[in-house]
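See structure below.
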Amino acid sequence: MNHHSQILVVGRDQMLLQTHRLILGTYFEVEAAGRISEAGSILSKREFDLIVLCDTLTDAECQQVAGMVEHQKPKPTLLSLLGPGTKDHERHIGRCMALKGGPLQLLRECADVLGFDLRAKPNGRDAYLGHAARSRA
């Protein structure tokens, strides 16, 4: 049984996706999609607790991803990353986070959304505080 939170990161910048995957992968199980069609394929096969929408996506692309999970039960949380100069009110997709604090801020925000204690051991069972975990075979 796997009790780790599942995160899907969607964006167009492969280097940024890889960075997010490595940072978040310290504590969570992370999948990355560089195209909307790839995100759709992944979402048709797996469930996620959190979907991170990178600031490299257009609002229309973010809406497409949101539409793909609209009827999932339980519905994953959507976290929209806001690039420099973007205001919260310009993107109304899920929870929004301005990218000011770098990768550590992203890790903290994801942990907060998922109810995860970052002070505990990475990828340790005792690290998860847990309301978002799903049992996986």
### Summary
Listed by range, strands (runs of 3 or more DSSP E) wholly within the stretch 1-88 having at least 1 residues that are touching a residue at least 24 places away in the same chain (Cβ under 8 Å) and in contact with a Ser or Thr (Cβ under 8 Å, 6 or more places away or on another chain) are 29-33, 50-53
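Return the residues of the stretch 22-62 that are under 20 Å from V113 (Cα atoms) and surrounded by fewer than 15 Cβ atoms within 10 Å (Cβ to Cβ); say none if nothing qualifies.
L22, T26, R46, listed by residue number.
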### Query
Going through the stretch 91-116 one residue at a time, which ones are in contact with a Cys (Cβ under 8 Å, 6 or more places away or on another chain) and either free of Cβ contacts under 8 Å to residues at least 40 places away in the same chain or in a helix (DSSP H, G or I) (or both)?
R91
### Task
Scan the stretch 100-133 for residues that are at pLDDT below 80 and surrounded by 14 or more Cβ atoms within 10 Å (Cβ to Cβ) and jot them down.
A120, A127, Y128, A132, A133
### Query
Only one of these conditions is not met by L50: (1) touching a strand residue (DSSP E or B) at 6+ places or on another chain (Cβ under 8 Å); (2) more than 23 Å from A98 (Cβ to Cβ). Which number is it?
(2)
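The values are calculated or read from the model by the stated rules, or taken from the named source; none is laboratory data. Remember, it's a predicted structure, so these values are computed and weren't measured experimentally. All Cβ positions, glycine included, derive from the backbone under ideal geometry; neighbour counts span all protein chains shown.
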